[in-house]
Structures are given as C-alpha cells and as structure tokens.
1. Just one of the numbered conditions (1) loosely packed, with under 10 Cβ neighbours inside 10 Å; (2) modelled with pLDDT of 90 or more is not true of ARG9; which one?
2. Among all residue pairs at least 6 apart or on different chains, which show Cβ distances below 7 Å where the first residue, located in the range 32-49, is free of Cβ contacts under 8 Å to residues at least 24 places away in the same chain and the second is among the hydroxyl-bearing types (Ser, Thr, Tyr) and surrounded by 12 or more Cβ atoms within 10 Å (Cβ to Cβ)?
3. Does the range 52-59 contain any residue that is assigned to a strand (DSSP E or B), modelled with pLDDT of 85 or more and open to solvent by 40 Å² or more (accessible area, probe 1.4 Å)?
4. Could you tell me which residue of the range 15-45 is least open to solvent (accessible area, probe 1.4 Å), considering only residues that are over 14 Å from VAL61 (Cα atoms) and among the hydrophobic types (A, V, I, L, M, F, W, C)?
Amino acid sequence: MDDRSWMYRDSPQGLQRMDYCNRIQGFINYTLSNPRNISGGGIKCPCKRCKNKKFLDLDIVTMHFL
C-alpha cells in the first residue's frame, strides 16, 4: 500500500464515501496480511490522534477513519 494520502484527507460525502470506505477496508486487509502489524488482536491506528502508536480493535480503527 504505497499511496496513503487518502487517509489524511477529510472524510468525503456522497458517492465518494463508498470509495473511501472501500479504501479503509483495503487498508485493514493489507495490515492484517502482515503479522508484525498485529498485537493482541488489534492493529496500529494511523489517525492523527493515535499517530500509528496505539494498537486498537479493528472496529475502533475504522471509526477513527470515519
């Protein structure tokens, strides 16, 4: 996953939101494919608040994206 710039833009509205949600799911799938990204059943959250330092449940990471 080379281009992560979409993560740092504001959450889009309307039809673009579906593409954004698909990208979130793609990010989570990519992250789960690499065991070093998983700890205690959670993954690192890349949101501005967590700064890729906290391992959180997948649902919480998804909410932080949204």
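1. It is condition (2) that ARG9 fails.
2. These pairs meet every condition: ASN37/THR31; ILE43/THR31.
3. Yes.
4. For the range 15-45, the residue satisfying everything is MET18.
The values are calculated or read from the model by the stated rules, or taken from the named source; none is laboratory data. For clarity, every value in this text was computed on a predicted model and none was experimentally measured. Using ideal geometry, Cβ is built from the backbone for each residue, glycine included, and neighbour counts are taken over all protein chains shown. Calculation scope for accessible area: heavy atoms of the full protein, side chains included, ligands and nucleic acids excluded. Shrake-Rupley method; radii C 1.70, N 1.55, O 1.52, S 1.80 Å.
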